[in-house]
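Peer 1: Below you'll find the structure I mean.
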Amino acid sequence: MDITAQPGRDEMKANYTEQALAEGGHYFIWLNFKFEDDFEGMNKLNRIGARITKYSERPNLKFKYFIIDTKYKNAFAMPGGYVYVTNSLMSRVNDDQLAAILAHEIAHITHKHGLKKFEEFQKQAWLKSLLGQKIFFYSTDLRKEMDYELQSDITGARYLKRAGYDPAIALSALNLLKDIDEENRRELERDMELEPERRKLIKKLIENHPPIDERIQKVSGQLDTINREEKVLFDEKDFVF
Ligand SMILES: [Zn+2]
């Protein structure tokens with residue numbers, strides 16, 4: 001498994017395609033969810049996100065962070081640098097767990113998982129309307145792809161080490177994910193008045209498929225290697241504005 005996210009041959013084309021996908025997907029999310037104007041929260045996302053992306057393989061990509069206002073807890077990424085975290089997840093995690101979650105989502109973007117997924121579907125040639133919805137669905141469907149999840153877990157842990165965090169905080173975030181899954185499920189069961197279409201959307205927002213225990217085991221197995229092979233690149237001087 002490639003745990004680095006090196007640029008490909010068609011990097012320029014990939015960047016343009018990703019931007020177009022991101023705009024379509026972001027528009028769909030903007031139509032269907034409410035963003036929260038939480039200055040402090042946005043500040044935190046931008047600060048932690050910048051620290052992680054700076055030492056990733058795509059330091060020049062403009063990453064954008066959004067807080068979605070919903071009682072359901074989750075985070076996801078879309079191609080081209082768009083990262084979404086729900087406000088209920090924000091208030092459930094500590095800063096380290098948030099860093100680990102962001103590192104994982106950022107790794108989906110540096111590996112271009114969303115773009116790859118989209119290109120697979122494009123081959124099936126049913127790219128018609130509702131483009132934004134499809135991009136959103138592909139982005140959340142990434143959680144069903146064990147390979148992509150593991151790749152992002154491990155690349156994310158590498159980023160944490162480079163950014164001066166203890167990569168083991170990835171395990172704390174994964175453990176939390178197990179509790180959150182259960183909380184989301186119960187919340188959705190209680191949500192009786194949700195319309196069917198909306199229910200479908202919320203299900204997409206919260207579903208987590210790959211067994212988290214297996215992910216915890218795989219990440220634990222990589223921690224020694226990551227600690228040995230990755231250097232701390234974080235330098236406070238890089239972040240003086
Ligand atoms: Zn993921």
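No lab work stands behind these numbers, since they all come straight from the coordinates. Remember, predicted model here, so these are calculated numbers, not experimental data. Every residue, glycine among them, receives a Cβ derived from its backbone with ideal geometry; neighbour counts consider all protein chains shown.
Peer 1: What percent antiparallel are the DSSP beta bridges of the range 11-230, to the nearest 5?
Peer 2: Close to 50 percent.
Peer 1: Which net charge results when you count Lys and Arg as +1 and Asp and Glu as -1 among the other residues whose beta-carbon is under 9 Å from that of ASP153?
Peer 2: Result for the local shell: +1.
Peer 1: Per DSSP H run of at least 4 residues, take -39500 (n - 2.57); add these up for the chain, divide by its residues and hand me the 222 nm value, nearest 500 deg cm²/dmol.
Peer 2: Rounded to the nearest 500, the figure is -20000 deg cm²/dmol.
Peer 1: Taking neighbour Cβ counts within 10 Å as the exposure measure, how do SER152, SER56 sort from fewest upward?
Peer 2: SER56, SER152
Peer 1: Then there's this: Note down the nm distance, to one decimal, between modelled labels 7 Å out along Cα→Cβ at GLN19 and at GLN217.
Peer 2: Taking the simple label geometry, GLN19 and GLN217 are separated by 4.4 nm.
Peer 1: Along its three principal axes, how long is the range 101-227 when you only count alpha carbons? Whole Å, largest extent first please.
Peer 2: 46, 39, 22
Peer 1: Could you please report the charge total around ILE226, scoring K, R as +1 and D, E as -1 over all other residues with beta-carbon less than 10 angstrom from its beta-carbon?
Peer 2: For residues surrounding ILE226, the net value is +1.
Peer 1: Treating only the Cβ of Lys, Arg, Asp and Glu as charged (+1, +1, -1, -1), what charge dipole size does the chain show about its Cα centre? Round to the nearest 20 debye.
Peer 2: The calculated dipole for the chain is roughly 520 debye.
Peer 1: From the backbone phi of the range 151-159, what are the Karplus-calculated ³J(HN,Hα) couplings (6.51 cos²θ - 1.76 cosθ + 1.60, θ = phi - 60°) in whole Hz, Gly and Pro given as x?
Peer 2: 4, 6, 4, 6, 4, x, 5, 4, 4
Peer 1: Right, something else. Through the Karplus equation 6.51 cos²θ - 1.76 cosθ + 1.60, θ set to phi - 60°, convert the phi angles of the range 218-225 into ³J(HN,Hα) values in whole Hz; use x for Gly and Pro.
Peer 2: Couplings: 5, 5, 4, x, 9, 4, 4, 4 Hz.
Peer 1: Of GLN151, SER88, TYR138, which is farthest along the charge dipole of the chain in the positive direction, counting Lys and Arg as +1 and Asp and Glu as -1 at C-beta?
Peer 2: TYR138
Peer 1: May I pose another question? How far, in nm, would the chain grow between ARG47 and GLU195 when pulled straight, counting 0.36 nm per residue and subtracting the alpha carbon separation?
Peer 2: Extra length from ARG47 to GLU195 when fully extended: 49.6 nm.
Peer 1: What are the ³J(HN,Hα) couplings of the range 162-177, residue after residue, when phi is run through the Karplus curve with 6.51, -1.76, 1.60 and θ = phi - 60°? Round to Hz, x for glycine and proline.
Peer 2: Residue by residue, the range 162-177 yields 4, 7, x, 9, 7, x, 5, 5, 4, 5, 4, 5, 5, 4, 4, 4 Hz.
Peer 1: Once amide H atoms are built 1.01 Å from N in the peptide plane, which residues 5 or more positions from ASN74, or in another chain, come under 5 Å H to H?
Peer 2: Counting only residues 5 or more places away or on other chains, the set is THR86, LEU89.
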